[in-house]
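Notes for the one structure printed next.
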Amino acid sequence: MPHSSGIGRHFSEMSIDQLFFKKGRSVTSSPIFLFLFFFIFFFFLAFISSFRFYSSLFSIENSPNETIVISQKQHPIKRIEYPLSCTNTSSNQTQSCPTNYYPNSFHPGPHDPPVCPDYFRQIYEDLKPWKVTGIDRDMVERAKRTAHFRLVIVKGKAYVVKYKKSIQTRDLFTIWGLLQLLRQYPGKLPDLDLMFDCDDLPVVQSKDHLHFWQPRPPPLFRYCGDRWTMDIVFPDWSFWGWAEINIKPWDSILKEIKDGNNRTKWMDREPYAYWKGNPFVARPRQDLLTCNVSDKHDWNARLYIQDWIKEGNEGFRQSNLANQCTHRYKIYIEGYAWSVSEKYILACDSVTLMVKPRFYDFFTRSLQPVQHYWPINDQDKCKSIYFAVDWGEKHKQKAQAIAKAAGEFTQEELKMEYVYDYMFHLLNEYAKLLRYKPEIPEGAVEMCSETMACPAEGREREFMMESLVKSPSNRSPCTLPPPYKPKVLEAFYRGKMNAIQQVEQWEKEYWKNINKSSVVGS
């Protein structure tokens with residue numbers, strides 16, 4: 001407890017004789033005086049106790065870097081917070097990284113970390129092309145061809161070389177996310193050197209690196225992959241916010257979507273399949289629009305075009321994702337490649353109708369059809385959507401269970417601390433493959449949260465401040481499960497394929513019976 005002021009200390013250290021008696025006088029002869037003595041004595045005791053309490057309270061409330069966390073056993077735990085350390089900059093002065101401000105070592109609490117979600121096991125699969133040979137400097141340099149930036153970590157500090165500008169602020173918020181990882185687990189990441197491509201389509205073609213006479217594949221990080229490429233998938237920039245279209249950081253929006261789900265329960269929602277987005281980025285999305293309700297057809301779909309320019313001019317009033325969980329079914333369809341919309345749709349507690357995807361991101365490979373989503377035939381979308389909704393309306397409990405499983409997955413297995421854990425384990429396993437000592441490259445600039453957020457303005461700064469990791473994690477990263485055994489992985493993918501084929505068979509029989517009924521009734 002902090003020391004009290006000089007006045008309080010002075011009174012507390014005086015003896016009773018010094019406080020109340022004058023030398024040579026007797027008090028036993030006066031009952032009134034005795035009453036007054038005890039009254040004043042207890043008054044001063046109450047004063048001193050009260051003074052010390054409020055002095056302690058004041059000192060805690062005015063300490064911006066300390067948070068007192070009370071555990072279930074009521075043992076106070078001090079957790080130091082480190083807000084940004086922005087210096088006053090002028091036009092000819094740039095923000096620098098503070099020294100000896102944020103901890104450079106990590107000291108977790110006493111509790112054992114949880115086991116990582118199952119999708120973490122895909123880390124081994126993504127790094128398998130380099131398991132035997134390792135990664136040399138030449139391989140990394142060859143990945144520069146399409147990379148937007150190079151990230152090097154040396155002794156816990158990040159250095160970045162930028163090669164070209166990405167679409168919007170993808171590169172900015174990806175780098176920001178990596179810097180927050182360093183704050184989440186200070187001093188835990190090993191030295192490493194990587195290239196990052198912020199575009200949509202994976203580019204490291206497997207066919208160019210299959211045989212021993214072909215060059216080893218360059219390790220290139222990006223947001224998605226497919227079965228024909230070797231790009232290493234990494235969490236996308238929108239986990240820390242998408243400033244251009246006002247989508248908040250994942251931690252915030254996940255809470256808002258959960259609140260939205262609680263406002264509108266599944267049974268109270270519209271019994272249709274909902275989609276809202278930009279159809280002009282890809283042909284499959286344009287085809288999807290033909291499934292919209294019209295005078296001639298009702299395919300159980302309600303589809304809306306999102307005009308982002310108009311939304312921006314109107315302050316994004318009609319694009320709040322938390323307010324779009326109003327239908328029992330929501331459609332996910334890829335755009336130019338994979339789409340960041342997938343995680344928001346899965347979080348909605350609606351049945352996700354997933355039009356057969358080509359691409360995957362870091363977490364979707366663990367999702368199971370009919371358990372987490374309903375597969376939609378990409379070659380006959382309208383009929384497939386109609387059947388999915390009709391099946392769900394006839395099997396409401398099963399449909400609701402699918403919706404709930406996807407919502408629980410995003411809330412529990414895709415929460416932000418697991419996103420950081422995935423990043424940590426992926427980069428840690430990647431660093432183990434390096435066959436050279438990473439060095440700060442020529443032209444690299446040291447990056448930290450201060451150099452990015454302090455000079456930022458508008459929504460970029462707002463989202464950075466909102467997603468800032470203010471203190472190291474109080475637990476170690478989750479425990480990485482072992483890699484899949486080949487037979488287990490084969491059985492896993494075979495199970496997914498069997499579930500999809502089962503749905504296709506149900507759908508085929510459904511339309512066959514409808515066609516028979518139409519012929520009989522004609």
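The values are calculated or read from the model by the stated rules, or taken from the named source; none is laboratory data. Small disclaimer: the values here were computed from a predicted structure and weren't measured. Because the Cβ atoms are built from the backbone with ideal geometry, glycine has one as well, and the counts that use them run over all protein chains shown. All accessible areas refer to the heavy atoms of the entire protein, side chains included, with ligands and DNA or RNA removed. Shrake-Rupley method; radii C 1.70, N 1.55, O 1.52, S 1.80 Å.
Before moving on, here are some points about what is shown:
- Rounded percent of accessible protein surface that carbon and sulfur make up, the stretch 330-475, 1.4 Å probe: 45 percent
- For the stretch 97-175, projected area of the alpha-carbon convex hull averaged over all directions, nm²: 8.8 nm²
- Annotation for the stretch 358-451: GluC sites (Glu not before Pro) lying in DSSP loop with at most 16 further Cβ atoms inside 10 Å of their Cβ are E439, E442.
- Distance between the stretch 283-320 and the stretch 443-481 - C-alpha centres, whole angstrom: 35 Å
- Straight-line reach from K512: taking Cα to Cα under 20 Å and skipping same-chain neighbours fewer than 8 places apart, the lysines in range are K381, K383, K394.
- Gain on full stretching of the segment that runs from E408 to D199 - 0.36 nm per residue minus C-alpha separation: 72.3 nm
- Couplings 3J(HN,Hα) of the stretch 194-204, computed from phi: 9, 10, 10, 10, 8, 6, 6, 7, x, 10, 7 Hz, in residue order, whole Hz [Karplus 6.51 cos²θ - 1.76 cosθ + 1.60, θ = phi - 60°; x for Gly and Pro].
- For R328, distant residues with modelled amide H under 5 Å away: E270, Y272
- For the stretch 501-515, the Karplus equation 6.51 cos²θ - 1.76 cosθ + 1.60, evaluated at θ = phi - 60°, returns couplings of 5, 5, 5, 4, 5, 4, 5, 4, 5, 4, 6, 5, 5, 5, 5 Hz by residue, with Gly and Pro reported as x.
- The phi torsions of the stretch 451-467, fed into the Karplus equation with coefficients 6.51, -1.76 and 1.60 and a -60° offset, translate into couplings of 5, 8, 7, 4, x, 5, 9, x, 5, 4, 5, 4, 6, 5, 5, 5, 9 Hz, rounded to whole numbers, with Gly and Pro shown as x.
- Filter on K343/K432; K276/K396; K356/K496; K343/K415 - keep pairs with C-alpha separation over 19 Å: K343/K432; K276/K396
- In Å², nearest 10: area of T133 left accessible to a 1.4 Å probe: 60 Å²
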